[in-house]
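To keep things clear, I will list the structure first and then write my remarks on it.
FYI, it's all coordinate maths here, none of it is from the lab. As the structure is a computational prediction, the values presented were derived from the model and not from experiment. Counting neighbours? That spans all protein chains shown, and the Cβs are built from the backbone with ideal geometry, glycine included.
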Amino acid sequence: MTRLTGSALRLTVFVGESDTWHHKPLYSEIVHRAHAAGLAGASVFRGVEGFGASSLIHTSRLLSLSEDLPVAVVIVDTEPRVRAFLPQLDEIVTEGLVTLDDCEVIRYTGRNDMTGETDPKGKKSL
């Protein structure tokens, strides 16, 4: 697992919940590829309302429009590692928005790198 602190790059991919890659959710494919690439971490966030290039508003409040809610996949790692991952997104994201933001990681330690005592649930006591 990667230990990361200091300057980093945040990659955010905005796609639709119903977007797919080879009959699999696109957001899941992005996360699995990020994991396979050894990136520090990735999370998927489901939006409750939004619109994109189509200008159609998708919202969870209307049943007819709740089938394609916005999804954000957020990945954080060092700038060289994130930029090396971008060609994979070019291959699989045909419609969506990709943003890059400088950020600072305060503390990230992989589970295998933790020292100290842990409780029965595996949480580290400080």
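Numerical summary
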{"read-out": "Estimated FRET transfer efficiency when R0 is 35 angstrom, pair S54-I106 (beta carbons, to 0.05)", "value": "0.40"}
{"read-out": "Amide proton proximity set for T20, modelled H, under 5 Å, gap of 5+", "value": "L26"}
{"read-out": "H22-S43 FRET efficiency (beta carbon distance; Förster radius 22 Å; 0.05 resolution)", "value": "0.50"}
{"read-out": "³J(HN,Hα) computed for each position of region 89-101 - Karplus, 6.51 cos²θ - 1.76 cosθ + 1.60, integer Hz, glycine/proline x", "value": "5, 4, 6, 10, 9, 8, 9, x, 10, 10, 10, 10, 9"}
{"read-out": "For region 6-22, Karplus couplings with θ = phi - 60° (6.51, -1.76, 1.60), whole Hz, Gly/Pro x", "value": "x, 5, 8, 10, 9, 9, 10, 10, 9, 9, x, 4, 8, 5, 10, 9, 6"}
{"read-out": "Burial order of peptide ranges 37-47, 86-96 (average beta-carbon count within 10 Å, highest first)", "value": "37-47, 86-96"}
